[in-house]
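Beneath this line is the structure, given in structure tokens, with notes to follow.
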Amino acid sequence: MSTGPGLESLVDRMDVYCASYPLDLCFSCVVIMENFVLILFCLSTETISVITNDGRNIVGVLKGFDQATNIILDESHERVYSTRVEGVQQLVLGLYIIRGDNISIVGELDEELDSNLDLSKLRAHPLKPVIH
Amino acid sequence: MGSEEESAVKEPLDLIRLSLDERIYVKLRSDRELRGKLHAYDQHLNMILGDVEEIVTTVEIDDETYEEIVRTTRRTIPFLFVRGDGVILVSPPLRTA
Amino acid sequence: MVGSYINTHKFLSGFSSSSLYLFIAHLLSLNNPVLQLFFSYFKDLVGKEVTVELKNDLAIRGILHSVDQYLNIKLEHTRVVDQDKYPHMLSVRNCFIRGSVVRYVQLPPDGVDVDLLHDATRREARGG
């Protein structure tokens, strides 16, 4: 760690935050600061899987997020789980903004694992809603 | 700091402070109860408990007789962090004279 | 050294703006001192395996990667404890869990120093 003041020590400290905060899902982001609200727009094309408080599972490309875990998803679809014969149904949603309050989990989707999944063969009840 | 001040109970959380390192009973939302040794807590009632026994009570309704069937499941966990927002009540250990 | 690796990596990839935001957020929280016993505790637990139980009854086991002041948690090498019942996260290996949906965290026995916790709790109780 750098000891001196100024930019260099700032860089050092920022590295610590970068390495140790869970919100830091993506590396290359553009910051837009407006009315003290920060939204981080990601240039990455990371696919994420969001589980909402009402038990829904939405999969899409992470386009942005902020400190309240509000999330912007592009090319998103919902995976509807059921125990019926047809297995998991996929509903196209497109561009979605999900309010952080309603988010339980944000998972990084492992593309290889996901392409090996046969969703039509998966049978499960939908997740229970979160009861606060 | 005198021991008198240490043991004075002026506000509810003082009672919990006196239960540190003692077995307490915690009632939680969604019909859960815990018994365990209190190792840490904060003002939100987040807690770390040791040697925890959890009891979950579920009520099912019999399809035919519409009778309520009450089931309890128990399990033990060596060390458990409990988020304070689920806590309904905390009961300190019974003190015998 | 892990630290120096991160540093080099950072210079190669340019500034991470999200870290800049978090840095500012941290400065703001310094002006508004908050008690943070469990935040500190979980930071010390980074790298250990924990099981996070959520308020939707899902239990996820993984290596604690990081935590922030809301007790949001990021886990790595995750697997859901009952995968047959909950196949919803089969292709997820790293995940962010919002602090507000956590019910319990099962802690590794070697990650709990009872005496240290008692002292920290008494200190926190005096400050609050």
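Annotations
- Residue-normalised accessible area of chain B, expressed per residue, 1.4 Å probe, Å²: 62 Å²
- When the accessible areas of C alone and A alone are added and the area of the pair subtracted, with a 1.4 Å probe, the result is around 4600 Å², both sides summed.
- Rounded to the nearest whole Hz, the Karplus-based 3J(HN,Hα) values (6.51 cos²θ - 1.76 cosθ + 1.60, θ = phi - 60°) of the range C:107-119 follow the sequence 9, x, x, 7, x, 10, 9, 4, 5, 4, 5, 4, 4, with x at glycine and proline.
- Around residue B:34: net Lys/Arg minus Asp/Glu count, Cβ-Cβ under 13 Å: +4
- The H on the amide N of residue B:40, modeled in the peptide plane, is under 5 Å from the matching H of B:48, each at least 5 residues off or on a different chain.
- Heavy-atom accessible surface that B and C bury in contact, both chains counted, 1.4 Å, Å² to 100: 2300 Å²
- Rounded to the nearest Hz, the phi-derived 3J(HN,Hα) couplings of the range B:23-37 under the Karplus curve 6.51 cos²θ - 1.76 cosθ + 1.60 (θ = phi - 60°) are 7, 10, 10, 10, 9, 10, 4, 6, 6, 10, 10, 10, 10, x, 8, where x marks glycine and proline.
- Modelled label positions at residue C:59 and residue B:61, each set 7 Å beyond Cα in the direction of Cβ, lie 2.9 nm from each other.
- In order through the range A:80-94: 3J(HN,Hα) via Karplus (6.51 cos²θ - 1.76 cosθ + 1.60), integer Hz, x for Gly, Pro: 9, 8, 8, 9, 6, 4, 6, x, 7, 9, 10, 10, 6, 10, x
- Equivalent ellipsoid semi-axes - Cα gyration tensor, chain B, angstrom: 33, 13, 12
- 1.4 Å probe, heavy atoms, protein only - residues of the range B:41-71 losing at least 30 Å² accessible area vs chain alone: B:41, B:42, B:43, B:48
- Neighbourhood net charge (11 Å Cβ-Cβ; Lys/Arg +1, Asp/Glu -1) for residue B:16: -3
- Note on residue C:113 and residue A:80: with the Förster distance fixed at 41 Å, the Cβ-Cβ geometry gives a FRET efficiency of about 0.35.
- With DNA, RNA and ligands ignored, accessible area of residue B:70 (1.4 Å probe; Å², nearest 10): 90 Å²
- Which listed pairs, of A:63/C:43; B:10/C:55; B:27/C:55; B:37/C:74; A:121/C:74, have C-alpha distances above 25 Å, in listed order: A:63/C:43; B:10/C:55; B:37/C:74; A:121/C:74
The values are calculated or read from the model by the stated rules, or taken from the named source; none is laboratory data. These numbers come from a predicted model, not from an experiment. A quick note on method: Cβ atoms are made from the backbone with ideal geometry, for glycine too, and the neighbour counts reach across all protein chains shown. Note: accessible area is taken over every heavy atom of the protein model, side chains too, but ligands, DNA and RNA are not part of it. Shrake-Rupley method; radii C 1.70, N 1.55, O 1.52, S 1.80 Å.
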